[in-house]
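The values are calculated or read from the model by the stated rules, or taken from the named source; none is laboratory data. Here the structure is a predicted model, which is why all the values come from computation and not from measurement. Cβ placement follows ideal geometry from the backbone for every residue including glycine, while neighbour counts extend to all protein chains displayed.
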Amino acid sequence: MNLKLNVWRQKNRTDKGRMETYQANNVNPDMSFLEMLDVVNEDLIASGKDPIAFEHDCREGICGSCGFVVNGVAHGPEPETTMCQLHMRHFKDGDELFLEPWRAKAFPVIKDLIVDRSAFDRIIAAGGYVSANTGSAPDGNALQIPKENADRAMDAAACIGCGACVAACPNASAALFTGAKISHLGLLPQGQAERSRRALRMVAQFNEELFGSCTNIGECEAVCPKGISIEVIARMNRDYLAAALTDRGAKKSAGGEA
Amino acid sequence: MSSAAAAIRSNRAFRIFDATIVKKAIVAVTGLVMFGFLVGHLAGNLQMFAGDEGKAIDAYAKFLKSVPEILWTARVTLLGCVFLHIYFTIQLWKLKGDARPQGYVKKDNSHSTFTSKTMYYSGPMLFFFIVYHLLHFTMGIADQANYFEGEVYKTVVLGFQQPLISGSYILAMFFLCLHLNHGLYSIWQTLGLTSPRYKPLQKNGAAVVSIVMFLGFASIPAGVLAGVIHL
């Protein structure tokens, strides 16, 4: 099949950037989207041009590296699929595709389709951890966890931090990402120690990074390659509001940091 | 004082005044208060259909104004809610632009409902309607010739016998319906008071209630136009 690609090209962080048009000919329908771009890039390199830069790593849909917007949809038209797992058979001969990087103030474009997602790392660093004893592994089943909680924590933990939720959100909010991380840890007994502080700090960081505010419309869950539901956002809101009103702060908590 | 403690201190102030979740929660709570008022307002208004040439509703209006302390507490509370609801919404709306200074060439928003996408339109329309409504029926400025102090029934009937006025009221109630359709569901999600078990009820309930509110409020100008409510 033959495709027409309109791709966002931007040399570096300071370049203004523009859409450029390429022709992808003789595309094998069994290729993944990234493999199709690899072939387009081979041609670009052969003709002495700069290849289209896109992020990728595992190409198995589990690392969260790849991702860009195809015809207005983050990770393209297939539900619960990352770009690397999206195959060209889902497109038709003669399709015209628009490829754009995630658009958010907090995700500055580094080059072409690659954005800097370190804002997510800073949100994690703000509170996405648990206190854990190091040393020998705990006994199996020493800590009882209801099956339902384990399942829900696992569902939230499926988040690979790809950033599609931010890209799809009309408000460029990172609520689904932050909510997933807060829910993942907050549903487990190991996550209770920092639960209220975690909500306060991660949300504060998410606001500091200038992500937008959630308006409960669900564009994020529709594009999430891991099918995470906006239920995690409700949980984040609940944890945050409760923590904002009840957290005693570091100074007053018994035995806490001074 | 360690830097961690300093960070938490600054966060303590930050989280009350600047956290988007708190702002959105205030929008949700004030919205719920205003909705509560609307339910009472509708129940009172439906006395227009009593068929007693306004005896019931005129007496009800007199009763509402009989204790100025309560009347003014309610008015100030509602005005406060309107102000906070709009003030924080404007802040969050500005953030939307700041958070994505460069938009997409192509963007698919097909998973958002029509009513959620039009909140920024239905809201301002309701604001203008409320200003007009207060000028019209509360203060008697908009349609002075047909305003009779203390005679609610007569004022409403004479007002709504003008198709332009009743038409714009019905249109405004349509915007109310749109706004409530997303808003009434959104309140629970914003406050975190939802679960997969109750979400369908909250979503469908919002849709049903918003339509009931529309039909209820719109029935009065429609009833006057149809001659069911008459002097």
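Return a yes/no flag: does the range B:48-65 have any residue that is at the interface with chain A (Cβ under 10 Å from one of its Cβ atoms), over 24 Å from the mean Cα position of the chain (by Cα), among the aliphatic types (A, V, I, L, M) and surrounded by 13 or more Cβ atoms within 10 Å (Cβ to Cβ). No, the range B:48-65 contains no residue that is at the interface with chain A (Cβ under 10 Å from one of its Cβ atoms), over 24 Å from the mean Cα position of the chain (by Cα), among the aliphatic types (A, V, I, L, M) and surrounded by 13 or more Cβ atoms within 10 Å (Cβ to Cβ). Tell me whether the range A:60-81 contains one or more residues that are touching a residue at least 40 places away in the same chain (Cβ under 8 Å), assigned to a helix (DSSP H, G or I) and not charged (D, E, K, R). No, because not a single residue in the range A:60-81 is touching a residue at least 40 places away in the same chain (Cβ under 8 Å), assigned to a helix (DSSP H, G or I) and not charged (D, E, K, R).
For B:LYS117, which of the numbered conditions (1) within 14 Å of chain A (Cβ to nearest Cβ); (2) over 30 Å from A:GLU208 (Cα atoms); (3) basic (Lys, Arg) fails to hold? With (1) within 14 Å of chain A (Cβ to nearest Cβ); (2) over 30 Å from A:GLU208 (Cα atoms); (3) basic (Lys, Arg) applied to B:LYS117, the lone miss is (2).
Which ones in the range A:87-107 are surrounded by fewer than 23 Cβ atoms within 10 Å (Cβ to Cβ) and either among the acidic types (Asp, Glu) or more than 10 Å from chain B (Cβ to nearest Cβ) (or both)? Once the filter is applied, which keeps residues that are surrounded by fewer than 23 Cβ atoms within 10 Å (Cβ to Cβ) and either among the acidic types (Asp, Glu) or more than 10 Å from chain B (Cβ to nearest Cβ) (or both), the range A:87-107 yields A:HIS87, A:MET88, A:ARG89, A:HIS90, A:PHE91, A:LYS92, A:ASP93, A:GLY94, A:ASP95, A:GLU96. Go through the range A:154-206 residue by residue and tally those that are within 23 Å of B:ALA99 (Cβ to Cβ), without any contact (Cβ under 8 Å) to a residue 60 or more places away in the chain and surrounded by fewer than 23 Cβ atoms within 10 Å (Cβ to Cβ). Matching residues across the range A:154-206 total 1. The helices (runs of 4 or more DSSP H) found entirely in the range A:146-189 that carry 2 or more residues being more than 21 Å from A:SER213 (Cα to Cα) are A:147-157, A:175-186.
The requirement of being over 21 Å from B:MET139 (Cα atoms) and either in contact with a helix residue (DSSP H, G or I) (Cβ under 6 Å, 6 or more places away or on another chain) or surrounded by fewer than 12 Cβ atoms within 10 Å (Cβ to Cβ) (or both) is satisfied by B:LEU84. Does A:GLU55 satisfy the criteria of being assigned to a loop (DSSP other than H, G, I, E, B), out of contact with any Cys (no Cβ under 8 Å at 6 or more places or on another chain) and surrounded by 15 or more Cβ atoms within 10 Å (Cβ to Cβ)? Against the criterion (assigned to a loop (DSSP other than H, G, I, E, B), out of contact with any Cys (no Cβ under 8 Å at 6 or more places or on another chain) and surrounded by 15 or more Cβ atoms within 10 Å (Cβ to Cβ)), A:GLU55 does not qualify. Scanning the range A:208-237 for residues that are within 7 Å of chain B (Cβ to nearest Cβ) and surrounded by fewer than 22 Cβ atoms within 10 Å (Cβ to Cβ) gives A:LEU210, A:GLY218, A:ALA222, A:GLU231. Just one of (1) without any contact (Cβ under 8 Å) to a residue 12 or more places away in the chain; (2) away from chain A (no Cβ under 14 Å) fails for B:SER195. It is (2). Any chance the range B:94-113 includes a residue that's of a type outside the set (A, V, I, L, M, F, W, C) and within 18 Å of the chain's Cα centre (by Cα)? The answer is no, given that none of the residues of the range B:94-113 is of a type outside the set (A, V, I, L, M, F, W, C) and within 18 Å of the chain's Cα centre (by Cα).
Among the residues making up the range B:139-170, those that are free of Cβ contacts under 8 Å to residues at least 60 places away in the same chain and aromatic (Phe, Trp, Tyr) are B:TYR147, B:PHE148, B:TYR169. The number of residues in the range A:75-114 that are among the acidic types (Asp, Glu) and within 16 Å of A:ALA168 (Cα to Cα) comes to 3. Please work out if A:GLY94 is more than 29 Å from A:ALA24 (Cα to Cα), in contact (Cβ under 8 Å) with a residue 12 or more places away in the chain and of a type outside the set (D, E, K, R). No.
Considering only residues that are charged (D, E, K, R) and at pLDDT 95 or above, which ones fall in the range A:222-258? Hits for the range A:222-258 are A:LYS226, A:GLU231, A:ARG235, A:ARG238, A:ASP239.
Taken together, the criteria exclude A:ILE228 from residues that are touching a His at 6+ places or on another chain (Cβ under 8 Å), part of a loop (DSSP other than H, G, I, E, B) and within 22 Å of B:LEU191 (Cα to Cα).
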